[in-house]
Amino acid sequence: MKRYLISFAYDATNYHGYQKQPNLKTVQSEIERALFEINNNKKVIIHSASRTDKGVHALDQKAHFDLDVTITPYKLKRALNSKLPNDIHINNAEEVNNDFHARYLTIKKEYVYILNMGEYNPIERNIVYQYNKKLDTEEIKKAIKYFEGEHDFISFVSAEDKKDNNIRTIYETSVKVLNDKLYIRFVGSGFLKYQVRNMVGTLIEVGSGKRKKEDIASIFKAKDRRKAGKTAKPEGLYLSKVFYK
């Protein structure tokens with residue numbers, strides 16, 4: 001038995017999220033179905049670095065799994081891509097040590113949110129949030145810096161997903177504008193359910209003049225989800241990179 005690590009991208013539009021769910025089409029179930037065939041019709045469980053929600057895409061998701069068959073990483077990548085639908089693509093496959101774990105050995109993750117401030121674009125409606133109004137991007141650039149560092153993010157967490165420990169560290173943030181598209185980037189130790197979308201929703205309210213950038217500090221202190229902004233739409237969010245040591 002050998003352990004493999006795959007890097008893969010997906011358009012989440014046609015799936016009920018990443019994680020396997022009974023009787024629902026998910027990204028995980030599609031990959032496991034393909035691996036079942038490759039592994040001589042023996043069940044394979046994949047362990048991913050992150051579990052993206054319904055509508056959230058990935059450019060560089062990671063997952064590991066064990067196979068009974070002997071296959072080179074190159075042939076594994078080709079075999080998987082030949083069996084997967086065209087909205088999931090394996091970017092790379094490699095053999096790893098048997099103690100490697102795609103989730104537990106992650107040291108940081110990068111998420112990018114893309115928002116269209118220009119004219120509505122029906123072609124990109126499932127892959128870019130069609131906000132279609134101008135925002136004060138200079139204020140957003142200042143406001144995002146309040147998220148950097150170690151914080152208790154309970155005010156930015158889905159009410160049903162509060163953990164015993166909601167403390168996370170955001171190492172880097174950036175905001176850029178290109179052709180009426182706003183790109184909001186976070187690199188952190190880990191992210192809680194809806195955390196990025198709730199942070200983005202709050203930044204949108206700053207950019208639209210509904211809030212001041214200084215309000216973010218007050219939201220952290222309140223430790224109350226109701227104080228933060230609305231949850232941003234999922235289609236603009238991408239898991240863009242997973243980092244290991």
(message) Based on DSSP loop calls and a cut-off of at most 12 other Cβ atoms within 10 Å, the longest stretch of the chain free of exposed chymotrypsin sites (Phe, Trp or Tyr not before Pro) is what?
(response) 121-245
(request) Please pull out the direction-averaged projected area of the chain, using the convex hull of its alpha-carbon atoms, in nm² to one decimal place. (result) 13.9 nm²
(message) Can you compute 3J(HN,Hα) from phi for each residue in the range 94-107, using the Karplus curve 6.51 cos²θ - 1.76 cosθ + 1.60 with θ = phi - 60°, rounded to whole Hz and x for Gly and Pro?
(response) 8, 7, 10, 5, 5, 9, 6, 9, 4, 8, 6, 9, 5, 9
(request) Give the long-range amide H neighbours of A58: residues separated by 5 or more places, or on another chain, with amide H under 5 Å away, using H modelled in the peptide plane at 1.01 Å from N. (result) Y10, A12, L239
(request) Compute, for I127, the solvent-accessible surface of its heavy atoms (probe 1.4 Å) with the complete set of protein chains present, and express it in square angstrom to the nearest 10. (result) 60 Å²
(request) Grab the other residues whose beta carbon is less than 12 angstrom from that of Y74, score K and R as +1, D and E as -1, and report the net. (result) +1
(request) Only Cα pairs under 8 Å and at least 6 apart count here; give the relative contact order of the chain as a rounded whole percent. (result) 24 percent
(message) My understanding is that a pair violates if its Cα-Cα distance is over 32 Å; which of K20/K176; K213/K233; K2/K25; K20/K212; K25/K141 do that in this structure?
(response) K20/K176; K20/K212; K25/K141
(request) Please work out whether the range 24-78 counts as rounded, prolate or oblate from its C-alpha gyration tensor, where a ≥ b ≥ c are the square roots of the eigenvalues and a/c under 1.5 means rounded, while otherwise a/b larger than b/c means prolate and anything else oblate? (result) prolate
(message) Considering all alpha-carbon pairs of the range 106-233, what whole percent are spaced by more than 18 angstrom?
(response) 50 percent
(request) Report, in debye and to the nearest 20, how large the dipole of the range 7-88 comes out about its Cα centre when Lys and Arg carry +1 and Asp and Glu carry -1 on their Cβ. (result) 140 debye
(request) Can you tell me the dipole magnitude for the range 30-163 around its Cα centre, using point charges on the Cβ only (Lys, Arg +1; Asp, Glu -1), in Debye to the nearest 20? (result) 220 debye
(request) Taking the dipole about the Cα centre of the chain, with the C-beta of Lys and Arg at +1 and of Asp and Glu at -1, give me whichever of I107, I167, N40 is farthest to the positive side. (result) I167
(request) May I ask for the net charge around K108, where only other residues with Cβ less than 14 Å from the Cβ of K108 are counted and Lys, Arg are +1 while Asp, Glu are -1? (result) +2
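The values are calculated or read from the model by the stated rules, or taken from the named source; none is laboratory data. Just so it is clear, the model here is predicted, and its values are computed rather than measured. For neighbour counting, all protein chains shown are included, and Cβ atoms are generated from backbone atoms with ideal geometry for every residue, glycine included. Note: areas computed on protein heavy atoms with side chains; ligands, DNA, RNA excluded. Shrake-Rupley method; radii C 1.70, N 1.55, O 1.52, S 1.80 Å.
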